[in-house]
Amino acid sequence: MSDTVEQAANLQIRSVLATDCGSTTTKAILIEKVGDGYRQTWRGEAPTTVEAPFEDVTRGVVNAATEIQELSGRKLVSAEGRIITPEQSPDEGVDVYISTSSAGGGLQLVVGGVVRSMSAESATRAALGAGAIVMDTFATNDKRRPHEQIERIRQLRPDMILMAGGTDGGTRKHVVALAERIRAARPRTRLGGGFNLPVIYAGNEDVRDDVTELLNEVCDLQIVNNVRPILEDENLAPARDKIHDLFMEHVMAQAPGYDKLMTWTDAPIMPTPGAVGLIMQTISRQRGINILGVDIGGATTDVFSVFSEIFNRTVSANLGMSYSVSNVLAEAGLPAILRWVPFDIDEKMLRNRIGNKMIRPTTIPQTLEELKIEQAIAREALRLAFIQHREFAVGLKGVQQDRTIADAFRQGGDDSLVQMMELDLLVGSGGVLSHAPRRVQSMRMMIDAFAPQGITELAVDSIFMMPHLGVLSTVNEEAATQVFEKDCIIYLGTCVAPLGPVREDQPALRVQLKMPSGELIDETLDSLELKLYPAARADEVEATITPLQRQLDLGAGPGKPLIKTLRGGVVGIVIDTRGRPDIQIPSAASQRVPLLERWVHALGEYPEEGS
């Protein structure tokens with residue numbers, strides 16, 4: 001934390017300007033002390049100006065801040081064209097200015113390790129947790145030959161390389177072999193400028209001298225503590241911190257205008273995904289809950305999770321809603337997308353619609369049919385990204401573990417740390433979720449894609465404010481969490497869904513609800529149903545939900561009733577009897593389309609025809 005921030009903290013921060021410099025748009029928000037708490041009061045945005053013809057990121061920052069200045073009447077930009085700090089008067093400047101960035105493609109890394117499923121996987125977790133996009137991972141045991149790995153490193157031109165391998169006191173020759181491949185590649189930086197490429201070594205401490213001898217002349221070598229000092233433990237923090245430092249010193253220093261921006265900010269500029277991960281970890285720790293979050297963009301989909309205080313992040317670099325939409329089709333397959341389209345459409349027509357989106361990636365749906373197709377694609381993009389995340393978010397490989405009988409009954413027998421029955425809060429962000437015409441559409445997309453089990457609250461980031469709050473949490477955690485709860489998150493409601501396959505044409509659940517109005521609801525829901533019960537976030541609904549099929553489990557055990565106080569949201573409480581872990585949808589169009597239409601009408605997702 002800078003001296004300015006420490007001084008501001010001591011004097012009580014009253015106002016903060018935060019910006020996020022994205023690839024296309026720079027978003028700014030003003031946070032102010034209002035009464036006894038902090039609120040987000042004004043926001044502005046402007047095109048990012050990191051590329052030609054401007055090549056100065058501060059131009060976009062000033063333009064976004066100027067929009068807030070015009071809306072609020074508070075002077076934020078000086079005559080010289082920079083952000084005014086510290087606050088000089090009640091109507092001029094701010095106490096603190098902070099920023100995040102993913103402009104210019106974000107932070108791009110190559111990871112190397114001795115064993116792909118051990119040291120390389122630990123290094124990948126460190127890189128992803130720091131907010132990086134991992135371009136490739138190479139290891140001594142992958143299928144490529146050494147000369148193929150060398151050529152690949154040359155071609156990628158990453159921002160930096162993170163190299164790990166060997167426990168402390170472990171293998172030497174394999175670590176040396178990795179260093180020799182990097183030396184032979186003599187990789188150059190993506191942004192050019194004549195700088196040596198930063199290489200972080202986070203492996204066997206006994207091999208540091210050998211690695212230094214091999215790499216010191218061809219790169220900017222940085223040595224940190226081993227990410228895997230022993231098989232049974234990971235130590236990711238030193239590597240993550242060094243990645244952040246080098247992001248500032250090398251990547252930001254070379255990008256157009258960032259050297260100037262860094263002199264303006266009162267805290268280090270953070271990679272946007274790293275800041276999102278930070279606010280999720282903060283909320284998880286403060287509330288003592290497990291969180292799963294997703295940010296779906298045009299080219300990539302990021303998934304974040306905090307389960308039992310363990311943070312994981314994955315980047316699905318080929319799954320998105322515009323530039324990567326064809327990859328979603330290729331990976332999911334047309335039938336998988338078609339199963340979410342709630343009207344009869346020819347496969348060729350659907351393929352052509354997706355092709356049009358691929359050719360014109362920045363267009364938005366113009367008709368209700370186009371919107372339904374886009375939301376069907378989004379379900380598959382989210383589902384595939386979540387599968388990748390669950391496969392990555394596992395315990396340490398190569399470690400002997402004591403197993404109990406309970407482990408045999410974990411979901412699908414898998415070792416993922418992400419167990420949906422233990423999830424408390426699911427948060428969605430990205431255009432297709434945050435800007436859906438109706439909030440119920442966002443809730444349904446997340447329920448379909450993630451198939452939450454038991455009792456799960458769902459929310460969306462209202463205006464993609466989480467990056468701003470993540471970097472704010474390093475300055476004032478209280479302000480960040482207050483704004484997160486009051487202004488950032490829109491609570492959609494709660495999903496109740498039993499784990500287990502359902503038997504069709506049979507009752508699935510008995511639902512007994514005591515509403516805040518005093519109304520008592522006691523009804524039976526059949527299998528393959530969605531039912532919405534309107535309830536506000538402030539409402540406390542006393543619920544007793546009893547499985548009517550012995551295999552169904554709401555969290556109390558198979559066939560056992562669950563007694564719980566449920567909260568609603570802008571949508572309400574949704575009870576889902578479509579089966580878990582996989583939602584049961586008929587493959588035949590004659591059965592599927594009427595069923596999808598029934599679910600759409602049950603939740604009131606789209607306007608009725610003619611309304």
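Things worth noting here:
- If you go through the stretch 557-579 and keep only what is within 18 Å of M420 (Cβ to Cβ), outside any loop (DSSP other than H, G, I, E, B) and not β-branched (V, I, T), you end up with P558, L562, K564, L566, D576.
- The stretch 29-59 - residue that is of a type in the set (A, V, I, L, M) and not in a strand (DSSP E or B) and, of those, farthest from the chain's Cα centre (by Cα): A52
- Taking (1) within 26 Å of P558 (Cβ to Cβ); (2) modelled with pLDDT of 95 or more; (3) not β-branched (V, I, T) in turn, L469 satisfies each apart from (1).
- Residue in the stretch 530-538 that is over 27 Å from the mean Cα position of the chain (by Cα), surrounded by 16 or more Cβ atoms within 10 Å (Cβ to Cβ) and farther than 19 Å from D448 by Cα present: yes
- Entirely in the stretch 61-140, the strands (runs of 3 or more DSSP E) that have 2 or more residues that are within 26 Å of R183 (Cα to Cα): 108-113, 133-139
- Restricting the first member to the stretch 487-507 and to residues that are farther than 25 Å from L30 by Cα, and the second to residues that are among the hydroxyl-bearing types (S, T, Y) and in a strand (DSSP E or B), the beta-carbon pairs closer than 7 Å and six or more apart or on different chains are T494/T456; C495/T456; P507/T524.
- Residue in the stretch 285-322 that is modelled with the lowest pLDDT, counting only those that are under 14 Å from the mean Cα position of the chain (by Cα) and among the small types (G, A, S): A317
- Look at (1) more than 30 Å from S119 (Cα to Cα); (2) modelled with pLDDT of 90 or more; (3) hydroxyl-bearing (S, T, Y); (4) surrounded by 13 or more Cβ atoms within 10 Å (Cβ to Cβ) and you find that T367 fails only one, number (4).
- Residue check for S305: crowded, with 19+ Cβ neighbours inside 10 Å and of a type in the set (S, T, Y): yes
- Note on the stretch 539-588: residues that are without any contact (Cβ under 8 Å) to a residue 12 or more places away in the chain and closer than 15 Å to V496 by Cβ total 1.
- Some residue of the stretch 461-483 being surrounded by fewer than 19 Cβ atoms within 10 Å (Cβ to Cβ), of a type in the set (S, T, N, Q) and under 26 Å from G298 (Cβ atoms): yes
- Count of the stretch 422-433 residues, restricted to those that are in a helix (DSSP H, G or I), surrounded by 19 or more Cβ atoms within 10 Å (Cβ to Cβ) and not β-branched (V, I, T), is 1.
- Residue list for the stretch 21-41, restricted to those being modelled with pLDDT of 90 or more and of a type in the set (G, A, S): A28, G35, G37
- Which listed residue, of D168, D220, D159, is in contact with a Pro (Cβ under 8 Å, 6 or more places away or on another chain), of a type outside the set (G, A, S), buried (at least 18 other Cβ atoms within 10 Å of the Cβ) and touching a residue at least 24 places away in the same chain (Cβ under 8 Å): D159
- Looking only at the stretch 309-324, and only at residues there that are in contact with an Asp or Glu (Cβ under 9 Å, 6 or more places away or on another chain) and either in the same structural domain as L236 (by TED's automatic domain parsing) or not in a loop (DSSP other than H, G, I, E, B) (or both), the one that is farthest from E370 (Cα to Cα): R313
- Taking the criterion of being crowded, with 24+ Cβ neighbours inside 10 Å and in a helix (DSSP H, G or I), the only residue of the stretch 485-504 that qualifies is C488.
- Matching residues, the stretch 505-517, being over 20 Å from L423 (Cβ atoms) and surrounded by 19 or more Cβ atoms within 10 Å (Cβ to Cβ): A508, V511, L513
- Considering the stretch 580-601, and only residues there that are under 14 Å from S527 (Cβ atoms) and part of a helix (DSSP H, G or I), the residue that is modelled with the lowest pLDDT turns out to be Q591.
- Criterion (in contact with an Asp or Glu (Cβ under 8 Å, 6 or more places away or on another chain) and acidic (D, E)) met by exactly one of D159, D206: D206
- Whichever residue in the stretch 514-529 is part of a loop (DSSP other than H, G, I, E, B) and within 19 Å of G454 (Cα to Cα) and, among such residues, is farthest from the chain's Cα centre (by Cα): S527
The values are calculated or read from the model by the stated rules, or taken from the named source; none is laboratory data. Quick caveat, the model's predicted, so the values are computed rather than measured. Quick reminder, even Gly has a Cβ in these numbers, built from the backbone with ideal geometry, and neighbours come from all protein chains shown.
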